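Written out below as C-alpha cells is the structure these notes cover.
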Amino acid sequence: SIDASQRPSGGARALPLAPRRRPPLSPFSEFTVAGRLLAGAMAAAGTGARLCALLFDLDNTLIDTAGADRKAERQVKDLLISQHGYGEFAADLVIEKFKTKLDVGHPYSSTKIDIDNERTLFMELAIQETNDHKAARDLATQCYLRWKKTRLEHIYIPDQVKAMLRELHQSYKLLLLTNGHSVVQREKIDACQCQEYFDLIVVGGEYREQKPARSIFQECFNLLGVKPDACVMIGDSLKTDIEGGVNSGVRATIWITNNNEIPSGENAIPDYTVKSVLDVKDILENIKSKV
C-alpha cells in the first residue's frame, strides 16, 4: 500500500471488478497422462502458466510503517511539550495537522520541491496554524528531523518475515512493488536492506503511474519475464494492491488485514484474506494445489 504519509499518484484508476469466480477443478488436473498433456499444451499456448513470481507490497505488508509513524509522532509530541512549552492538546493538534498535510497535500506545497523541504513546510504550517501563525521555521525543522529519524529507526523487516522471504525465494521470483515518492521509499528500502530478499524493486513514484494502474503491473511482468497469471499479488490495500492485481490479471491476490475489515461493494474482492504476511506460505500451497 501507499505509505500513509504520501499523496497517491494521479494515474487512472480502473473500475472495481465483481468477485472473480474460480472454475471447479478439471479432471485433467489429476496426475494423469491426459493431465500432463493438457498442461503441456496450455503452456505452449501461453496459458495456465506455472506460478513462479510473487509481487509484495512494502508498507504495512512487510514492514510496520503505521507503528513507526506512531513512535515518530510520540517523539515530536515529547519535544514540543518538554522543550517548547506546548500543552498536550496543542502538541496533539500539531501532529494531527502535520499528518493531514502528509496525507492530502497542501496548496502551498509543490511536488517538484525537495521532499524534506516540503515536509518541513508541512510541519511549519501545522505549528503556525496551532500557534496563531507565529514564525516557526526553526522549530519545524527540529520537529521534522526528529520525526524522520525516529521513523526510519523503526522501519525494519521482522526476522520471521525475512526467513519466509528467503524460503520463498528458493521457489519463486520475488518483486517488491511499492507506491510513493522515490526518495521516501528508497530510504525505507535501504533501511530494511530489501535488496537482499528481492530480485527486483519497483517504486511507483519513479513511473508515470502507480498502483492500481495496469501500466505499472505490466512493467513488473515485463521485468520479471512472466505472464500475469504466473504471479500472485500480496498487500494490505484493497484500493491499490488488490484492485491493481485483479485488474492486471494476476493468478491470485492475497489481502493482509488484521482488523477484521470486510471488503465493501466498492472494492475489488481479494481471492484470499489473511491476518499476517506469514500466512502467505500456506495460501501459496493452496493456490498451487488448484492449478
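General observations
- Loop sites in the range 185-291: GluC sites (Glu not before Pro), DSSP, at most 10 other Cβ within 10 Å: E266
- Seen through its C-alpha gyration tensor, with square-root eigenvalues sorted a ≥ b ≥ c, the range 171-230 comes out oblate because a/c lies at 1.5 or above while a/b is not bigger than b/c.
- Label-to-label distance, nm, for residues given as D116 and S182 (7 Å Cα→Cβ offset): 1.8 nm
- With contacts taken as Cα pairs under 8 Å at a separation of at least 6 residues, the range 230-291 carries a relative contact order of 30 percent.
- Over the range 119-192, volume per residue of the alpha carbon convex hull, in Å³: 100 Å³
- Distance violations [Cα-Cα > 30 Å] among K101/K162; K71/K239; K71/K211; K77/K134; K149/K227: K101/K162; K149/K227
- Accessible surface calculations at 1.4 Å, restricted to protein heavy atoms, place the range 157-211 at 44 Å² per residue.
- Annotation for K134 and E167: the two label points, set 7 Å from Cα along the Cα-Cβ direction, are 5.6 nm apart.
- Stretch gain in nm, segment K290-E206, where the contour uses 0.36 nm per residue and the Cα spacing is subtracted: 26.6 nm
- Two-site label geometry, K275 and N258: point separation in nm, points 7 Å out along Cα→Cβ: 1.0 nm
The values are calculated or read from the model by the stated rules, or taken from the named source; none is laboratory data. Everything quoted here is computed from the prediction, not taken from an experiment. Ideal geometry is used to build each Cβ from the backbone, glycine not excepted, and the neighbour counts take in all protein chains shown. Quick note on the areas: whole protein, heavy atoms, side chains included, nothing else; ligands and nucleic acids left out. Shrake-Rupley method; radii C 1.70, N 1.55, O 1.52, S 1.80 Å.
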